[in-house]
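Notes to accompany the following structure.
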Amino acid sequence: MFKKGFIKKNASAIAGWAAAALCLSAGILYVNRICSADLSLVLHVDGQPICQVESRATVDEAFLMLEEKLSDSGLSLTKDREITYEYVLTDKKETVTPLECMDLLYSFSSENYARAYTISVKGANIATCATYAEAEQIIDDFEDYIIGQVLEENSDYDLVRLTTEFEIKNVFCRAEDISGADEIYLSLINGGTPHAPEEEPVSDSRVTATGSSSLLSADRNLLYGLPKNSAGESLVGNYFSFSVGGLSSAIEYKTIVIEKYSEIVACQTEYVDSDELYIGQTQVLVEGENGIAENEYEVAYADSVEISRKLISSVVKVEPKNRVELVGTKSYPSTEPTGSFMWPIQQRYIITSPFGSYRDGLDEGAYGHYGIDIAGISIGSPVYAADGGEIIFAGTQGTYGNMVKIQHEDNVVSIYAHLGHIDVKEGDRVYKGQKIAEVGMTGLTTGPHLHFEVRIDKKIVDPMKYLP
């Protein structure tokens with residue numbers, strides 16, 4: 001232990017040592033705090049701290065966003081602000097986004113500014129209200145008012161719909177520029193109170209384009225926004241004029257008329273496969289019948305010109321009946337000759353002139369008949385190929401009239417004359433039983449019939465010897 005004399009003698013030195021130890025401890029603690037804390041950049045406006053930011057770029061972006069928002073409403077911050085930055089130690093670094101910074105700057109810079117909603121028509125602002133719901137209600141009420149006025153003047157219209165679109169924009173604005181919903185609505189519908197020609201225009205309080213109140217000279221030619229001439233007569237046109245705060249505009253509309261018509265409901269075709277018809281052949285099994293429907297249309301007009309038509313209801317009065325058509329699925333037979341003939345007419349017939357009979361002045365003259373005449377049939381009856389082969393002639397030839405020749409095997413040729421319509425052409429391949437023409441009365445003939453010949457090795461033979 002130190003002696004009392006020693007302590008007394010060295011009291012001042014001991015005090016100095018203690019103070020040095022305390023400073024050393026405080027320094028160590030400060031260094032520890034610096035090591036554990038973080039530096040943050042704090043934005044100051046007019047010497048007052050606003051928020052922590054990541055960098056000055058955050059503030060620059062916030063100011064750009066703020067100016068853009070304000071310019072949408074024709075507004076700007078009127079007081080210059082001193083912007084400074086300071087680095088401070090903080091245990092918790094919480095920086096803001098550019099959007100959050102913009103909101104804080106706006107709140108600090110203009111306590112009298114507020115978010116609001118501006119109603120505009122065709123890009124022109126006509127009023128500003130506090131909430132989006134108010135703006136929507138004002139537009140709905142104003143549209144109802146315009147439509148009611150148009151319908152009152154035009155009883156023939158069933159409906160009226162506005163085609164001009166209103167826009168609601170979120171803006172910053174001065175608090176005094178925000179108007180109440182009732183005030184805005186009344187200003188809109190009273191924007192053109194009429195006055196007698198001898199009276200001077202009256203100045204009224206109206207809502208301006210930015211929502212504030214100002215003096216407006218009423219348009220003496222407008223009655224509740226409906227266009228009028230100086231004599232008070234209604235003007236024709238699909239628009240609704242009004243004037244607000246010196247801003248004149250036109251609300252366009254279309255008139256809707258409900259029109260009713262009885263219209264045909266076309267029958268549908270039902271296709272049924274048939275193995276009795278060849279591929280590509282069709283046959284109507286049931287003729288369809290159209291139906292009738294009572295249709296209602298919503299027809300829109302602008303300046304008496306139809307601009308759209310919409311079917312809104314349809315009631316079928318007579319049901320349509322489907323048309324049924326058979327579609328062939330059977331493969332075509334070979335066009336090669338079978339070596340035997342079938343009758344070219346497949347219906348009841350009579351032979352009026354057999355082979356070799358005397359025909360004075362008819363067919364081949366008075367020298368005899370070179371084929372057989374199949375009669376008792378009507379014009380248009382189908383004529384079929386007696387056997388498969390190739391069409392070597394299809395056209396008109398002298399007293400034969402319209403004629404078809406088919407080349408079969410072994411120089412066998414069949415001839416069909418006095419035809420009406422011909423279904424084939426030279427060079428076609430036909431199969432046995434294929435329709436090639438229709439019965440007619442062409443050439444030298446006394447009535448509808450089919451003249452049928454057979455020639456073998458260019459010699460005329462009796463067809464009856466080769467027919468079943």
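Every number here is computed from the coordinates shown, using simple stated rules; none is lab data. Being a predicted model, the structure only gives us computed values, none of them experimental. Methodologically, a virtual Cβ is constructed for each residue, glycine included, from the backbone with ideal geometry; neighbour enumeration extends over all protein chains shown.
As a length-normalised measure over Cα pairs under 8 Å and 6 or more apart, the relative contact order of region 328-468 settles at 28 percent. Using the Cα gyration tensor of region 350-465, with a ≥ b ≥ c the square roots of its eigenvalues, what is the shape: rounded (a/c below 1.5), prolate (a/b larger than b/c) or oblate (neither)? Oblate shape, in that a/c is at least 1.5 and b/c is the bigger or equal ratio.
At an R0 of 45 angstrom, the distance between the Cβ atoms of VAL265 and TYR132 translates into a FRET efficiency of 0.40.
Exposure proxy for LEU285, LEU66, LEU151: other Cβ atoms within 10 Å of each Cβ, ordered fewest to most, give LEU285, LEU151, LEU66. Ordered by the count of other Cβ atoms within 10 Å of each Cβ, fewest first, ASP462, ASP182 give ASP182, ASP462.
A simple packing score, the average count of other Cβ atoms within 10 Å per residue, orders the peptides 411-424, 337-350 as 411-424, 337-350, with the highest score first.
For LEU277, the residues whose amide H sits under 5 Å from its own are THR329, LYS330, ignoring neighbours fewer than 5 places away on the same chain, with H placed 1.01 Å from N. Over all pairs of different C-alpha atoms in region 266-329, the reciprocal of the mean inverse distance, the Kirkwood hydrodynamic radius, equals 14.7 Å. Label sites at ARG115 and ILE168, each approximated as a point 7 angstrom past Cα along Cα to Cβ, lie 1.4 nm apart.
Peptide packing for 444-450, 43-49, 275-281 was compared via the average number of neighbouring C-beta atoms within 10 Å per residue; ordered from the highest value, the list is 444-450, 43-49, 275-281.
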